[in-house]
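Here the structure is laid out as structure tokens; the discussion comes afterwards.
The values are calculated or read from the model by the stated rules, or taken from the named source; none is laboratory data. Just so you know, these numbers come straight off a predicted model, no measurement behind them. Please note: Cβ atoms are built from the backbone with ideal geometry, for glycine as well, and neighbour counts cover all protein chains shown. Remember, those area values only see protein heavy atoms, side chains included, never the ligands or the DNA or RNA. Shrake-Rupley method; radii C 1.70, N 1.55, O 1.52, S 1.80 Å.
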Amino acid sequence: MRKFFEKYKHLFEKGGKYERWYPVFEMADTFLYNPLHRTKGTTHLRDGIDLKRIMITVVVALIPCTLMAFYNTGLQANLAIAGTGAENLEGWRHALIRALGVGYDPNSIGANFFHGALYFLPLYIATLAVGGFWELLFSVIRKHEIGEAFLVTSLLYPLILPPTVPIWEAMVALSVGLVLGKEVFGGTGRNFVNPALFARAILFFSYPAGITGDTAWVAVDGYSYATPLATQSFAGHINVTWMDAFLGFIPGSMGETSALACLFGAAVLIYTGIGSWRIMVSSVAGLVIITGLFNVMGSDTNYMFSLTPDWHLVIGGFAFATVFMATDPVSAAYTDKGKYYYGFLIGAMTALVRVVNPAYPEGAMLAVLFANIFAPLMDYLVMRANIARRAKRYAA
């Protein structure tokens with residue numbers, strides 16, 4: 001394989017027959033081996049890690065959440081079918097399940113994984129194709145290498161969507177999110193907001209019916225089941241146990257339900273130095289402090305005021321957003337002190353959106369986007385304060 005790449009490399013280099021398609025050749029070579037362009041000489045700081053290895057590490061950290069997306073999506077669907085019956089189910093998914101004899105037994109791990117895969121995989125393949133198309137197009141036009149970041153974006157995106165979202169709507173929203181949220185600013189490394197979150201926001205505001213409502217969270221036509229946050233907001237109680245919420249056996253976006261899976265991802269990202277523990281810790285602190293204050297204040301008309309911090313940490317998308325979205329090294333704060341402010345803002349904004357605006361009980365994703373916008377300002381203020389302190393020391 002190495003000889004094959006070396007033999008045809010000259011055709012894609014400057015002046016070669018396929019010079020225009022060099023980004024495609026470089027992507028394949030970099031993915032299989034090492035980057036073609038590496039820092040050399042004695043005047044540069046060099047590192048053993050590159051963008052490819054960073055993205056692979058994030059994918060490894062996402063494995064538990066992805067497995068939960070398979071299992072829990074199928075579990076919730078099979079539980080609903082067990083209560084309503086499977087006689088009148090139509091569509092290619094159910095035809096395939098019946099043809100293979102998999103069944104709908106919620107006690108069968110295989111049946112749950114298979115049923116969930118029929119919802120997650122088509123969405124993932126579609127988003128991977130969309131992400132690859134836009135990355136390839138802009139790389140060829142700009143004549144620069146293809147960044148592996150789109151592989152992670154294409155995995156993160158379906159994980160933060162409900163199982164019943166129409167695939168074409170998800171593809172349209174992702175296209176708008178990638179182009180307006182990343183590519184127009186220069187591509188990978190130059191986006192000021194998280195592209196996957198920005199695409200989800202586009203989907204939420206453009207096609208709200210596909211991503212909201214009680215019927216969006218369980219992959220069974222006509223079956224209505226609200227998320228725990230929604231149940232708390234309009235009924236004042238949560239219809240699942242805390243442990244089920246912690247483990248992830250609840251309705252919700254496919255990859256966000258398990259706080260335990262997110263903790264595994266946090267351990268991987270912190271150990272490898274790719275995810276900032278400062279952001280994660282301060283984000284949790286912001287959520288706990290603000291929701292604790294709301295508990296003290298109380299309310300006779302708003303049930304969300306009574307939801308304790310330990311529940312806020314395990315339901316909704318807060319854990320996933322804190323570990324995988326808030327720590328995006330491009331759109332997050334860069335300075336150490338800035339990371340504390342940035343993370344605390346995410347936790348505080350999540351609490352405010354959830355509690356003060358009960359019509360929209362989930363707030364973690366919007367909180368991260370809001371903090372993305374203010375991250376450069378936080379870094380600027382931290383650096384200016386540091387310069388002012390150094391000037392005072394110098395004067396003294």
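Summary of computed values
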item: Conditions (1) in a loop (DSSP other than H, G, I, E, B); (2) surrounded by fewer than 24 Cβ atoms within 10 Å (Cβ to Cβ): number failed by F246; result: (1)
item: Candidate set: segment 328-384, residues that are aromatic (F, W, Y) and over 26 Å from G187 (Cβ atoms); chosen: the one least open to solvent (accessible area, probe 1.4 Å); result: Y360
item: Output for segment 201-219, where each listed residue is within 11 Å of P251 (Cβ to Cβ) and either open to solvent by less than 20 Å² (accessible area, probe 1.4 Å) or at pLDDT 75 or above (or both); result: A216, W217, V218, A219
item: Filtered residues of segment 65-110 (kept if of a type in the set (G, A, S), surrounded by 13 or more Cβ atoms within 10 Å (Cβ to Cβ), within 29 Å of the chain's Cα centre (by Cα) and over 30 Å from L269 (Cβ atoms)); result: A77, A80, S108
item: Selection from segment 310-319 of residues that are over 9 Å from A364 (Cα atoms) and buried (at least 17 other Cβ atoms within 10 Å of the Cβ); result: W311, H312, L313, V314, I315
item: Leading residue by the ranking (most open to solvent (accessible area, probe 1.4 Å)) among those in segment 279-309 that are in a loop (DSSP other than H, G, I, E, B) and of a type in the set (S, T, N, Q); result: T301
item: Candidate set: segment 174-186, residues that are outside any loop (DSSP other than H, G, I, E, B) and out of contact with any Phe, Trp or Tyr (no Cβ under 7 Å at 6 or more places or on another chain); chosen: the one least open to solvent (accessible area, probe 1.4 Å); result: V176
item: Criterion violated by I274 - all others in (1) touching a Ser or Thr at 6+ places or on another chain (Cβ under 6 Å); (2) at positive phi satisfied; result: (2)
item: Complete set of residues in segment 179-198 that are under 17 Å from G132 (Cα atoms) and basic (K, R); result: K182
item: Qualifying position, being open to solvent by less than 50 Å² (accessible area, probe 1.4 Å), within 21 Å of V218 (Cα to Cα) and in contact with a Pro (Cβ under 9 Å, 6 or more places away or on another chain), among G275, G252; result: G252
item: Residue in segment 312-323 that is within 19 Å of the chain's Cα centre (by Cα), aromatic (F, W, Y) and either farther than 21 Å from L161 by Cα or part of a loop (DSSP other than H, G, I, E, B) (or both) present; result: no
